[in-house]
Structures are given as C-alpha cells and as structure tokens.
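To start, the structure itself, in structure tokens.
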Amino acid sequence: MLMLRGLLDRLLLVCAVVAGGLVPGFVAQYQQRLGGRLDQARLDLAPWQSLADRFYAGDVGKLIEYHLQSQDPKFYAEGAIIRSLVETVHRLQSAVDAMQGSLYHQVAYLALHADPGLARATFADWVPTFTLSAEGLLFAALCGVAVWLLFQALWWLLTLGRAGLSGRRTSVARLSNR
C-alpha cells in the first residue's frame, strides 16, 4: 500500500506540474483569438463609424438612434445590427483590457469570465506549449504543489477513515464476544 501511494504521489505531482505548465500557453492563445475577434469587430464597425463621422460628428450613437427611429423595417434592422456591433466591440475591448494583468490574474479572469464559445474554439485549435518564463514555471510548480497537497489530504482522510472503520469493527467484535 505504501508503494502504491508513493507511485501515485509522484505520478500525480509530475502530471500536475506539466498541466500547470501548459496553462500559460492556453492563456496566450486565448488572448490572441480574443484580440482577433476584437480586430474583426472593429473592421465590421468601421463603415458605420465612417458614416457617423460624416453625418453625426463621429457619434455612432446618433447614427444608431436615427436608424432605430425609422419606420422602414430594413433601416430599423440596420440600427439594431450597428448597436450590436458597438456592444460587441465594447465587450471584447473590456475582455482584452481585463487580460492585461499577471498570469494569475488572467487565469482567474478566464476561470470566472471566459467566453465559452471562444474558450471552446481556442481549445479546439490549441497547440500545447510549455512556457519557460519565470512566471510560467512558478505557476506550474504551484499547480503541482496544490494538487500534491490535495492528494496528501485526501489520502490522509481515507487512511483515517479506514482506520476508524477498522477500530469500530474491532470494538464491535470484542463486544459481541462478551
């Protein structure tokens, strides 16, 4: 049993360090994809911004308002599309800004606020890379230690639980023999 624990212990530690070392590469690829989506959204908005520059002193909001006040359903639909593009650019810009912190901040942001579609697309095209930066190596080591400590705690609880059950069985056996 001790040999099995030692083998699992080391195997889990190595796997956790490797997995932790792959996270920074995924984060970088997610950022690149996010930046690409922002660039595309800006390109899609550019013609509408050009119209706003010419007719509304650069205020896209006034262009949207003009379209939405129209009785023509096609013109109204264009207003909704322009508004959606503006909202998409703002949402993507906020996400890009949020991803500018440290690796730990980026991982926390992704864990709590990642766009599921963007994360799936990134994962589908993800090329696993092990980051050799100081921050990446530290992150890998911290992941390894965290998983290793969790394993140790679970093993201890299982061992303690098993010892408790064995003790109860012994006590029950003693009582029944009396």
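The table that follows gives values for the structure above.
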| quantity | calculated |
| --- | --- |
| Order of Cys143, Cys15 - criterion: other Cβ atoms within 10 Å of each residue's Cβ, fewest first | Cys15, Cys143 |
| With Cα atoms, 0 to 90° folded angle of helix 116-125 axis to the chain main axis | 70 |
| Calculated FRET efficiency for the pair Cys15/Ala119, C-beta based, R₀ 22 Å, to 0.05 | 0.50 |
| Net charge of Cβ neighbours under 15 Å - reference Leu2; Lys, Arg +1; Asp, Glu -1 | +2 |
| Where labels lie 7 Å past Cα in the beta-carbon direction, separation of Tyr66 and Ile81 in nm | 1.7 |
| Ranked list, fewest to most other Cβ atoms within 10 Å of each Cβ, for Lys62, Lys74 | Lys74, Lys62 |
| Inter-probe distance in nm under a simple model that places probes 7 Å from Cα toward Cβ, at Leu142 and Phe55 | 5.2 |
| Cα shape, the chain, gyration tensor, a/c 1.5 rule | prolate |
| Relative contact order %, region 7-126, counting alpha carbon pairs below 8 Å whose residues are six or more apart | 30 |
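Any read-out appearing in this document is the output of simple, stated calculations on the displayed coordinates, not a laboratory observation. All of these numbers come straight from a predicted model, not from anything done at the bench. As a convention, Cβ positions derive from the backbone with ideal geometry for all residues, glycine included, and neighbour counts pool all protein chains shown.
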